């Protein structure tokens, strides 16, 4: 009996020690001030409120405010940007100020005045929540029906379609087989700024994994004519 009590006491003490260490680590992280960094380089991509600077390796930079001349005006320009790293968003940094190089000096074109809007940010951890679809034919609706968060490998294509008397642009994700033959089409309702930002970053490629939220199924009669199987909102795209 005494031996059993010693074992139980040892377990309780170990659990208590683990809890105390966890609390201490958490408190230390919470008290750690946000880290600030400065990067200088040439902007390669700028979409919406995001910019890509190769010198800021592994980081996407988010803008919280207005940039003089517009964010996309920074493309191809040399800048100096002061950012704050975001502890719970490892691949994202908030721009505090941006100076544009002009002649032999720098001119400030942005100062942070707002809190960043993370509404369309897609964290790397979210990828695991999206199921990869293997679409083999438009006749097997069970390959996609009943699913909401999915990803497909395909090609983004914009064309024009008649809508009454007007001609409107229509965007699809085209799914092909290994020989390049078209299997099916997904109607794109919306592409977030963060997804468009990554499309621009990956402009040297023409096929990606598109992460999307399915919205509506296409009527079977329409599918037979158009190969369109469902509509969706694209929230991210990548090479895996």
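The values are calculated or read from the model by the stated rules, or taken from the named source; none is laboratory data. Predicted model only: the values in this text are computed from it and were never measured. Using ideal geometry, Cβ is built from the backbone for each residue, glycine included, and neighbour counts are taken over all protein chains shown.
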Here the residues within region 201-220 that are modelled with pLDDT under 95 and more than 16 Å from residue 146 (Cα to Cα) are 201, 202, 203, 204, 205, 206, 207, 208
Going through region 157-190 in order, the residues found to be under 16 Å from residue 208 (Cα atoms) and out of contact with any strand residue (DSSP E or B) (no Cβ under 6 Å at 6 or more places or on another chain) are 178, 180
Region 139-192: strands (runs of 3 or more DSSP E) wholly inside it with 2 or more residues that are at pLDDT below 95 and out of contact with any helix residue (DSSP H, G or I) (no Cβ under 6 Å at 6 or more places or on another chain) are 149-163, 166-176
When region 127-138 is checked residue by residue, the ones that are without any contact (Cβ under 8 Å) to a residue 60 or more places away in the chain and in a helix (DSSP H, G or I) are 128, 129
Of the residues in region 55-84, those that are surrounded by 15 or more Cβ atoms within 10 Å (Cβ to Cβ) and in contact (Cβ under 8 Å) with a residue 40 or more places away in the chain come to 60, 62, 63, 64, 65, 67, 80, 81, 82, 83, 84
In region 195-217, anything over 21 Å from residue 119 (Cα atoms) and surrounded by 20 or more Cβ atoms within 10 Å (Cβ to Cβ) is listed as 208
**Item:** Boolean, residue 46 is at pLDDT 50 or above, more than 21 Å from the chain's Cα centre (by Cα) and closer than 22 Å to residue 123 by Cα
**Value:** no
| said: When you check residue 185 against the structure, is it crowded, with 20+ Cβ neighbours inside 10 Å, farther than 26 Å from residue 61 by Cβ and assigned by TED's automatic domain parsing to the domain that holds residue 145, yes or no? | reply: yes
